[in-house]
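The values are calculated or read from the model by the stated rules, or taken from the named source; none is laboratory data. If you're wondering where the values come from, they're calculated on a predicted model, not measured in any experiment. Cβ: placed from backbone, ideal geometry, glycine included. Neighbour counts: every protein chain shown.
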Amino acid sequence: MKPFFRKVGIFGVGLLGGSVALGLKERFLAEEVHAYDQDPVALEKALFLGVADRVHTQLGPWVAELDLGVLAAPVGALPALGEALAPLAHPESLWTDVGSVKGEVVAALESRLPHYLGGHPMAGSERAGVENAHAGLLQNAVWVLTPTDRTPLRAKEGVRRLVEALGAYPLEMPPLLHDRLVARISHLPYLLAVALNRMVAQSPHRDLLIFLAAGGFRDLTRVASGSPRMSRDMVVANKEALKEAIEELRAVLLELEELLEAPEALLEAAEAAKRTRDSLPIVRRSLLPEMHDLVVQVPDRPGEIARIATALGEAGVNIKDIEVLTIREAAGALRLGFATREERERARAVLQGVGYRMP
C-alpha cells in the first residue's frame, strides 16, 4: 500500500508530537518523518527511539519538501512557529497542529500556513517527553478538528483522513466552542489538582496529610504531575474561558456548601453526580474496546508481578492492561485488565489456583 505522505514534519518532539510520528511510522502512512525541535537532546532521543528518520534544530529548505506539517510545540509558541514556517512551506502542503487551545492559535495559523486545519487530540499523560510517546496514545482518542469559514476543503479532507488513519475519532466544532468546553473538562481539573496539592503543602499538618493521602486523592490530583511549564502555558492561553469555568465551579461549590445542612438534597446531588460519572464509560465503549478488570491482592515481596504474569501466560490468558493500585507495608494490589469476561474469569481461576486472593 502506498503511504499517504512522502515526507512529514513534526515540529516539537514531545509526548504528542512523538506519538503522532510513531503512529505515522507504525501504520506506514509516511515514507519519511522529519522532526524539528530546539532541544538537541529531544532530537537525539527521537532518533534513538525510531520516532523520526531525520532531525533538525533549524528551519530551512527542507520544510518546502514536506507534504504534511504537524505543529506540536507548546501552545504559546505555535503562532510564532507558524509565522517562521510560512515563507518556507510548499503552497500545496497540508498543515495542522495539536495545541490544546484553539481560538488564538487557529486565528494566527490559518492566515499564514497553506491548507491548514486546527486540531486537538484529546489524549495525553502526566508523563511528558518523547521518551513516553507511543502510537497507542492516539488509538480511539477523540481528535477535535476546528474548521472555520476560511478552512480549505483540501485541509478538511486531508486532516480528517489523517486522523482516521491514525486510529482516532475526528469530531468537528468551532475553535471558541472547543476552548470553552476544554476549559471545563481539562483545564479546570488541572487547576483543581494544583489547588488541592497547594492546600496540602500549605497546611501545618502537611506530613500527616501526605501520609494519609489515599487512592482517591492521588487519582484526583494525578494531572498535577505533568510538566508545570507546559500546563501553565496551556491554562494561561485559555484564561478567558477558564475564568468563566472557575466562576461556574465557585457557584456549584457554594451550592454544595449549603447542601451540607440538607442531607437529603445532598444525597440527590451525589446520586446525580454518580449517574454523570457512570455515564462516561458509555462514551468510552463507543470508542474504546471494553475492558474487564480483576483486582488481585499481592504480597509485598520480589517477583510477585512476574509470578502472576507467568501463571497467566502459561494458561494462555492475555493481560491487556495492568496497574499497581496500592503499596502497603505487607501487601499491595494489582488491577489486571482483560479483553473479555471469559478471560477475566479464567484468570481468576488460575490465580486462585496458585494462592492469590481476589475481592
- Task: Report yes if Thr96 is closer than 13 Å to Leu109 by Cβ and of a type outside the set (Phe, Trp, Tyr), otherwise no.
- Result: yes
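Would you be able to tell me the number of residues in segment 82-94 that are closer than 26 Å to Val182 by Cα and in contact with an Asp or Glu (Cβ under 9 Å, 6 or more places away or on another chain)?
Residues that pass the stated criteria total 2.
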- Message: When the residues of segment 316-335 are narrowed to those that are crowded, with 16+ Cβ neighbours inside 10 Å and modelled with pLDDT of 90 or more, which ends up farthest from Arg222 (Cα to Cα)?
- Response: Val317
- Restricting attention to segment 36-76, report how many residues are without any contact (Cβ under 8 Å) to a residue 24 or more places away in the chain and part of a helix (DSSP H, G or I). 5
- Message: So, Val194, is that one within 30 Å of Pro121 (Cα to Cα), in contact with a Phe, Trp or Tyr (Cβ under 6 Å, 6 or more places away or on another chain), of a type in the set (A, V, I, L, M, F, W, C) and assigned to a helix (DSSP H, G or I) or not?
- Response: no
- Of the residues that make up segment 153-169, is at least one in contact (Cβ under 8 Å) with a residue 12 or more places away in the chain, in contact with a strand residue (DSSP E or B) (Cβ under 6 Å, 6 or more places away or on another chain), more than 22 Å from Ala30 (Cα to Cα) and assigned by TED's automatic domain parsing to the domain that holds Val13? no
- Message: Please go through segment 168-191 and give me each residue that is of a type outside the set (A, V, I, L, M, F, W, C), out of contact with any Pro (no Cβ under 9 Å at 6 or more places or on another chain) and outside any helix (DSSP H, G or I), ordered by number.
- Response: Tyr169, Pro170
- Would you check which residues across segment 49-69 are over 19 Å from Leu113 (Cβ atoms) and under 23 Å from the mean Cα position of the chain (by Cα) and list them? Leu49, Gly50, Val51, Ala52
- Out of the residues in segment 170-190 that are buried (at least 18 other Cβ atoms within 10 Å of the Cβ) and hydrophobic (A, V, I, L, M, F, W, C), state the one that is nearest to Leu29 (Cα to Cα). Val182
- Flag if Val33 is under 11 Å from Leu68 (Cβ atoms) and either outside the structural domain of Leu137 (by TED's automatic domain parsing) or touching a strand residue (DSSP E or B) at 6+ places or on another chain (Cβ under 8 Å) (or both): yes
- Query: Can you spot a residue in segment 154-167 that is assigned to a loop (DSSP other than H, G, I, E, B), of a type outside the set (Ser, Thr, Tyr) and closer than 28 Å to Ser227 by Cβ?
  - Reply: yes
